[in-house]
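One structure below.
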């Protein structure tokens, strides 16, 4: 496989985890996507220096962490709200959980299918259409707090469901 | 010690960007002091990322999978435009375009500036393709093509799309009604199709079992024929199985009476149910099932080189029925179909799993051969090796007769190709002569009838095997239905504006919605 295809394959394999790592820290969607783009391009530019003996995902995460710290050191606390020490702890935690089976789209789809229609609609408004919470609250005719709490419950429920789904797969 | 739901609450408030500065500072401290909080934040972030990617139509999968191409429907773009978003592309889209730019440039080995529609004739950028039996460097629309040689061939399509077709694949590239849509009519074999995001023309792979439509994606389609390929594949009826694996993006698969949407990481097999054969009269089992052998005495579908040869056995309808039933028990069983899926499609299958799958297949094939042997008469059983030997001897004689010329022509590819053509002709004549000496008049007549049927079918670009009218035919009656097909710019049309893109809403229940008491206004959602 030539270098180009090799990079692409490796990058795309770890993109979800990279996105999860950066997304756990940077919540502003525009800032996050800008940062991810910058990380992607940096990874490509530095691919020649990548040591194939090392897992690509870990290498990519290291570069992502450096980018996050650069932003932090630039004095703009937003959009990186965590200290360098916290970012370092998160990178270590990401390394620990990288070896665990991680739920993918099949687990998510399985768990989304179990949700009631309105729950799926809420998630679609929040994630697909990126509606502001105020607009979503208006559509459901409840307050913003109710929407936040519902989203929080849904994410927890999905995480539990996906964990069970993975465990169920491991048993068979 | 904080209760876990306290830091969970902080995490979710952070994810929803409603955490105060104090709350963020507290979360920061907890992340530093407690590893489980850091892990919980990452796990929550992962769910959030999966939701973002999945519901927004961007695709990225965890370790072990390949490809990530972001896709957004024209409707979403319109929606964002209507909201007064700035002309600057959405950030996620800029990332995607950056990745796609890298991807297309890397994979195609071309500069991004080369993304413009391919002029008449699609260039073959790798491998060897024949059109009408002759090697071709460009493939025109509507020209039947076949990948020759042992390796795949890559064709560059309009708009930067790319088709990597496996060896022995037969297909036709079409542009229905001169439209911008691109269609690959897959007759046999399979391939991987990469359709860049910029390619806003619908891209469809059509097979006799169904069609696969995609926009901005990377997916693989395989049309498994139970035709023997001479490599120990058991061929039987004209059963085609459509196997689709999606590496990135989403595809819509249309099979008769059903529509399926597959997202990245998905793979499914369609049409694996063996079609009920209405009449076995004109149908013939494949040669390797019956017991013809090729090189090294291995089971071989001899009709690949001697069309219609199975006809010489003059099988009765009763025999065909029994052989058909035996196939249902063996190579068409659920266990074997699942094994085929593992071998063919699963990118994450381990070597041990693949070996096990191959073992299951081999076992099924061997059992089918045994059962078929029990159905044949002693006369038929004795005829099989005699036919195999006669064909082998005829080949040997033809090759010996042309040996000197073949050696002399080795340095000249054009001459070598011509000599090979002559050798095939000589071999065919020698085989016919040998069979005429071996077979009875009735057997000869049955063989010739079966041969005519097979040749006619092949000529029309249909199955290679002699088939009855009741067999599924390539491209026949399985075309996309039309109105329910994704149209240009609208492939990802959600079922409702605010529904998740994936799947149908199935089971309404009543949980996890804002509950009474969460807000001052009691509302049931």
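Data table
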{"quantity": "Candidates A:121, A:141, A:157, A:153 - the one that is outside the structural domain of residue A:61 (by TED's automatic domain parsing) and at positive phi", "calculated": "A:141"}
{"quantity": "Check on residue A:89, buried (at least 22 other Cβ atoms within 10 Å of the Cβ), at the interface with another protein chain (Cβ under 9 Å from one of its Cβ atoms), part of a helix (DSSP H, G or I) and at pLDDT 90 or above", "calculated": "yes"}
{"quantity": "Test for residue B:425: is it part of a helix (DSSP H, G or I) and at pLDDT 85 or above", "calculated": "yes"}
{"quantity": "Some residue of the range B:380-393 being surrounded by 15 or more Cβ atoms within 10 Å (Cβ to Cβ) and farther than 26 Å from residue B:455 by Cα", "calculated": "no"}
{"quantity": "Candidates A:109, A:131, A:117, A:139, filtered to the one that is at pLDDT below 90 and touching a helix residue (DSSP H, G or I) at 6+ places or on another chain (Cβ under 6 Å)", "calculated": "A:131"}
{"quantity": "Residue in the range A:33-61 that is nearest to the other protein chains (Cβ to nearest Cβ), counting only those that are more than 16 Å from residue A:7 (Cα to Cα) and either without any contact (Cβ under 8 Å) to a residue 12 or more places away in the chain or surrounded by fewer than 17 Cβ atoms within 10 Å (Cβ to Cβ) (or both)", "calculated": "A:33"}
{"quantity": "Enumeration of residues in the range B:312-330 that are touching a helix residue (DSSP H, G or I) at 6+ places or on another chain (Cβ under 7 Å) and not in a helix (DSSP H, G or I)", "calculated": "B:314, B:330"}
{"quantity": "Qualifying residue in the range A:63-77 (condition: facing chain B (nearest Cβ under 10 Å) and without any contact (Cβ under 8 Å) to a residue 60 or more places away in the chain)", "calculated": "yes"}
{"quantity": "Out of B:452, B:355, sole residue that is within 31 Å of the chain's Cα centre (by Cα), over 30 Å from residue B:314 (Cα atoms) and assigned to a helix (DSSP H, G or I)", "calculated": "B:355"}
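The values are calculated or read from the model by the stated rules, or taken from the named source; none is laboratory data. Please read all numbers here as calculations on a predicted model, not as lab measurements. Positions of Cβ are generated from backbone atoms using ideal geometry, with glycine treated the same way; all protein chains shown enter the neighbour counts.
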